[in-house]
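The values are calculated or read from the model by the stated rules, or taken from the named source; none is laboratory data. Bear in mind that the values here come from a model prediction, so they are computed numbers and not experimental data. Every residue, glycine among them, receives a Cβ derived from its backbone with ideal geometry; neighbour counts consider all protein chains shown. Areas reflect the complete protein model, heavy atoms only, side chains present, ligands, DNA and RNA absent. Shrake-Rupley method; radii C 1.70, N 1.55, O 1.52, S 1.80 Å.
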Amino acid sequence: MHIARTFVFIFYISIQILSAQAPAENYPADPASEEQAGVPKGEVLKFTFEQSKIFPGTWREYWVYVPAQYKPDKPACVYVNQDGIQWKAPVVFDNLIHKGEMPVTIGVFVMHGKVKAANAGDANDRFNRSFEYDGLGDAYARFILEEILPEVEKQKTTDGRQIRLSKNGNDRAIGGSSSGAVCAFTAAWERPDAFTRVYSAIGTYVGLRGADRYHTLVRKYEPKPIRIFLQDGANDLNIYAGDWWMANQTMLRALTFAGYEVKHQWGEGGHNGKQGTALFPEAMRYLWKDWPKPVRAGISQNQMLGAILIPGQDWELASEKPKVKYQKQKIAKEIPGNDSIIAYNGNVYIASLDGGEKSSTIYMIKPNGEKLVVDKGLHFASGVALSPDQTLLYATESASHWVWAYQIQADGTLNHKQKFGWLHVRDNDENAWADGLTCDRDGRIYVVTRSGIQVLDQTGRVNAILPTPNGAMSNMAFGGKDFDTIYVTANEKIYRRKLNVRGANGWDVPNKPEAPKL
């Protein structure tokens, strides 16, 4: 009898613990999630797509919602969703469009791809969901923009209306749940010119394929014109890859710090779509508020961005097709130089690949013409620069994510070589591909990389990242009357931007900047 009572007690306690771990989720229903009398109903069309060049071999289904109010004489706004139709979206769109709470919007609901097994009885299909959704980089954004949306525009409604979609990023939203949510954020992050509004439910901002880096990148990058709605619950996943609940809160703090338009709703739920479905109408109202007024980039609390950027000063095209020849410099006889810098005392430092890409050489040439090898062994040394006090030489190593530092001795030779600056690497790259670099007179180090201009403090920490309008860069320099304008070469174009700093030139009298803040 005693044993029976003990068993009942343990069973009761176990039920209480399980109940505490998985609370009942009851969310108030938004009227927009229910069919309403007198509201015109849109049409949902279903298609398949298996001609992807970006994700070759994949097959997938996708659905297209076309509102009753759509007229083909004007391109419609677009909402893209991962994992197919969620959130009772067609009903929500019917109601919100009818009430004027969102514009006339065509919904495109895309499933992840899979590579079908040759014999389904013997093998599983290869599921591409994590690769497509969890990975950083622009592949999925390109897939939607270059393959799916053009495919959608080939379709017609059952009554013969040609589908036309707006190409304006301000007219486009994207959303999803879990990995589909981080995929939506990635698409907007990579292509804010194409997507400016993001719905993220139980977003997977954890260490599956690198999305745990987002909260750091958001804080460092110059803000982008994106508006975000976040949702998560306190009982979301906490597994090998990370803690979803904490990761979403960390993302919120990063987005707020960086000046983004962001709204959030936290609940007690787990890793499911219950609260996300209940909040979808509210999210759409928020994301589309004030449309067609454009979403603007905010003002970051990042101190370095605040110090170097001038409000209202953006990148501008300086030369459409510059006559730039990308070839090794012949600064001295038999020295093929990648980059060089002349110090105030007349010493010249040259980064050379004469030892091969895996064993670059740094030369010093004295004013009397004497040539010395002052370092060997960097992997693809591409750029050299002097600190403003000219006591340090910095060198980029394109085949890694490091900026190296050397102390310049009294005779001009180098000592105390060290991996110094740690650079961010894009998800689809094996290295940062750092190239040219320069310093300002306050000691900041500017490095052109595939991720943008990474700006380091005097201790080698990347504080800020400035993307350019035209992708990867190869070199940069300060110019203009006061050397307060930075010029960059990017994909055969030259851009310039006026900054609130002055470049440190080799011919300047060396100046000692303020000591770095540790």
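Worth pointing out:
- Sequence ranges 230-239, 169-178, 155-164, ranked by mean other-Cβ count within 10 angstrom, highest first: 169-178, 230-239, 155-164
- Gyration tensor verdict on segment 425-483 (Cα atoms; rounded if a/c is under 1.5, prolate if a/b is larger than b/c, oblate otherwise): oblate
- Taking every protein chain into account, the accessible area of segment 455-518 amounts to 50 square angstrom per residue (probe 1.4 Å).
- Accessible area ranking (1.4 Å probe, heavy atoms, ligands and nucleic acids excluded), largest first, for TYR205, TYR286, TYR240: TYR240, TYR286, TYR205.
- Per residue solvent-accessible surface (Å²) - segment 172-301, probe of 1.4 Å: 35
- Percent carbon-and-sulfur accessible area, segment 22-133, ignoring ligands, DNA and RNA, probe 1.4 Å: 52
- Exposure rank, largest accessible area first [VAL92, VAL348; 1.4 Å]: VAL348, VAL92
- Helical contribution to [θ] at 222 nm, DSSP H n ≥ 4, -39,500 (n - 2.57), averaged over the chain, rounded to 500: -5500 deg cm²/dmol
- Computed extension gain for VAL44 through THR413, at 0.36 nm per residue and net of the alpha carbon distance, reaches 125.7 nm.
- For LYS493, the lysines whose Cα falls under 16 Å of its own Cα, not counting residues fewer than eight places away in the same chain, are LYS321, LYS323, LYS325.
- In plain terms, the chain from GLU151 to GLU35 could stretch by 38.8 nm, reckoned as 0.36 nm per residue minus the Cα-Cα distance.
- Cβ-Cβ FRET estimate between ASP508 and ARG253, R0 fixed at 51 Å, reported to 0.05: 0.80
- Accessible carbon and sulfur surface of segment 186-278 relative to its total accessible area, %, 1.4 Å: 49
- Approximating the spin labels as points 7 Å out from Cα along Cα→Cβ, the LYS99-to-ALA234 distance works out to 3.0 nm.
- Beta bridges from DSSP with both residues in segment 196-339: antiparallel share about 30 percent, rounded to the nearest 5.
- Accessible area per residue was computed with a 1.4 Å probe on protein heavy atoms; ILE465 scores about 0 Å².
- The listed residues TYR27, TYR199 rank as TYR27, TYR199 when sorted by accessible area, largest first, using a 1.4 Å probe.
- Over segment 374-434, accessible surface divided per residue gives 41 Å², non-protein components excluded, 1.4 Å probe.
- The protection proxy used here, the mean number of other Cβ atoms lying within 10 Å of each residue, ranks peptides 376-386, 310-320 as follows, highest first: 376-386, 310-320.
- Cα gyration tensor shape for segment 144-247, rounded if a/c is under 1.5, else prolate or oblate: prolate
- When the surface is traced with a 1.4 Å probe over the full set of protein chains, PHE478 keeps roughly 20 Å² accessible.
- Cα-projected label distance for ASN470 with ASP159, points at 7 Å along beta-carbon direction, nm: 4.7
- In a fully extended conformation the segment linking GLU282 and ASN345 would gain 16.2 nm over its present Cα-Cα distance, using 0.36 nm per residue.
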